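Before any comments, here is the structure.
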Amino acid sequence: MESQLPIFVILVPLFTAFAACLLGIAHPKFTLPTVIGGLFMLVFATLGTLLKVLESGTLRYGLGNWPRPVGIEFVVDELNAMLLFLIAIAALFGTVHSIPVVRRDLDEQQVPFYTLLMLLITGLLGMTITGDIFNIYVMIEITALSTYALVALAGGRAYMAAFQYIIIGSIGAGFYLLGVGFIYIKTGSLNIAHLHTILPSLYDSTAILVGFGLILTGLFIKMAMFPLHGWLPNAYSTSLGPVSSIAAPLATKVMLYVMLRIMISVFDPHFTFEILGISTFLVTLSAVAIVAGGVYALAQTDIKRMLTYIIIAEIGYMVGGIWLGNHSGMVGAVFHIINDVLAMLCLFMVVSSIEFKTGGQSRWHLKRLFAKMPFTMTAFCIGCFTLIGIPPTSGFVSKWYLITGGIEAGQFAFPAALIAASLINAILVFRMIEISHCHMERAMTPESLEDIEMDEAPLVMVVPTLIVASLLLVVGLSSQTIINRLILPIIPL
Amino acid sequence: MIVKKNLFKKVIGMAIFQTATIFFYIGTSFKKGATIPILEHHAEGHGDHHIADHAATAIESTLYANPLPHVLMLTAIVVGVATLGVALVLIERIYETYGSNEEDEILRKLNH
């Protein structure tokens, strides 16, 4: 049973999607319990995979029992296992959190929404677990198509945002496919482990270089790396709360994981950092991305749009950290993946709660929210402190490693940008905290402030938000354990 | 695709891009003088005799075109069709909401 865990991780959400669709057509009331049940099974499956990998090292599963270069293979090592588990818990918490919003906004469309959501989760998990570069393309497209439709569910402005996302996203996936084609022509294989043994003799071939460049460009488009980030703010800020809570923390990070896989498991670190020679350029580009994301975020009134620009800055942290090419940078970047998934999950869930209770997502809807929704706003504060990088949240640890890595590599633009980003995030965060603590509605007088009642979001929304916020603290406090058990084994430097 | 303002033309541009990638892969599967990738058996009927024969002789790979890119591109074609479907439905919704298929008019309506 245990050796079948990798395929279980894909089969559970896939079959839940089909079950939710079929049951939902028969009786719409059955969709939600099916989805929640499927997600719980998924969490247990990924937890089982994580524990098995921690105990016995890399897991390999050949589909249909076909041996390696002939068949498609699922490979789970420590990096994968952690990301799989994160995707599962993000999906579970996001779905539970969005039950009231779905009931209010999407009542007749519940069945398509939950089906698409489960397909999105399948695609994300598939990208993470597969050991075959063409299979990654298939999973990229599954994820992307589900996201296009989910973003468009919101109607209105979201239609144009989804259209823009389709055009840009398809080009990105097309570049990735073209790059895979170049590599396939030269090597004849698509399997990651097999390519790792074939490619070293071909490092001076132009076709391989171009292939890597095309794959990198395609992935940069998909992960919204500045300056290819144009689709992200519109797509995630116009979409509904439930969609952005699940898609925003996960989609771009999984693309980043794919880039890391290609860099260290398909190609060697020797090729990526020494032969290619683009590290300095990419680290400088990341520094620009970090500052640009921060500056754009400062201009926003809408909280969700501001968070999407912060995502762009965070992608800059991680891309820069990976391309620094030294040990601290990579540890910091990989740890930041964990950190960012949880922080963005927490913040997007909070914004969704705020929109549910107050009807809007702009900064000015936060007035006095600390009095009305204390638990949600506490989670908001913890999430925001992670963005700034205040100990003991996990943001501090990843920033520490990234800045150390930047200084060690001699690329001083990167640590400077990171520190500037912390300051910009501090302005953004404290601006919002000030409004939520101190600003008064016109009709309020100092005496009536005493009478503000707590009007918190429903329990089903508050509990996941608080759990994720406390996870940020837990991950921060136990960061050394996580780094030693999960990250150090797979860093090849 | 970037230059044209009409939404349909953007979608056509995207479709041309995807088709070009498909052609690229298929082109790599050809060899000079190769035929379609279906094995030629001396007609003997079915049975275990047939299977034993199959295992014994090595296949002369230069005679057949490489079937793997064809298989990969089947997936890519399906993906392209699905994306085209979603894009066209979105254009229809956009037309219903904004009454136009031209990007600049839509952006003007969106921004005030």
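Every number in this text was worked out from the coordinates using simple rules, so none of it is lab data. Keep in mind that what you see is a predicted model, and the values were worked out from it rather than measured. Counting neighbours? That spans all protein chains shown, and the Cβs are built from the backbone with ideal geometry, glycine included.
Using only the Cα atoms of the protein assembly as shown, what semi-axes does the equivalent ellipsoid have when each is the square root of 5 times a gyration tensor eigenvalue? Give whole Å, largest first.
Whole-Å semi-axes of the equivalent ellipsoid: 42, 28, 25.
For each pair in A:222/A:357; A:367/B:109; A:186/A:222; A:253/A:399, compute the distance between the two Cα atoms and list the pairs where it is over 21 Å. With Cα atoms farther than 21 Å apart: A:222/A:357; A:367/B:109; A:186/A:222.
For the range A:289-372, the Cβ-based charge dipole about the Cα centre amounts to some 480 debye (Lys, Arg positive; Asp, Glu negative; other atoms uncharged). Exposed loop GluC sites (Glu not before Pro) only (DSSP loop, at most 15 other Cβ atoms within 10 Å): please give the longest stretch of chain A free of them, not including the sites. My reading of the result: A:1-440 is the longest stretch. For the range A:1-42, the spread of Cα coordinates along the three principal axes comes to 36, 15, 12 Å, biggest extent given first. The chymotrypsin sites (Phe, Trp or Tyr not before Pro) of the range A:399-428 include none that meets both criteria, a DSSP state outside H, G, I, E and B (loop) and at most 10 other C-beta atoms within 10 angstrom of the site's C-beta. Going by neighbour counts of Cβ atoms within 10 Å, the residues B:32, A:222 line up, fewest first, as B:32, A:222. Computed over chain A, the per-residue total of -39500 (n - 2.57) for DSSP H runs of n ≥ 4 gives a 222 nm mean residue ellipticity of -24500 deg cm²/dmol, rounded to 500.
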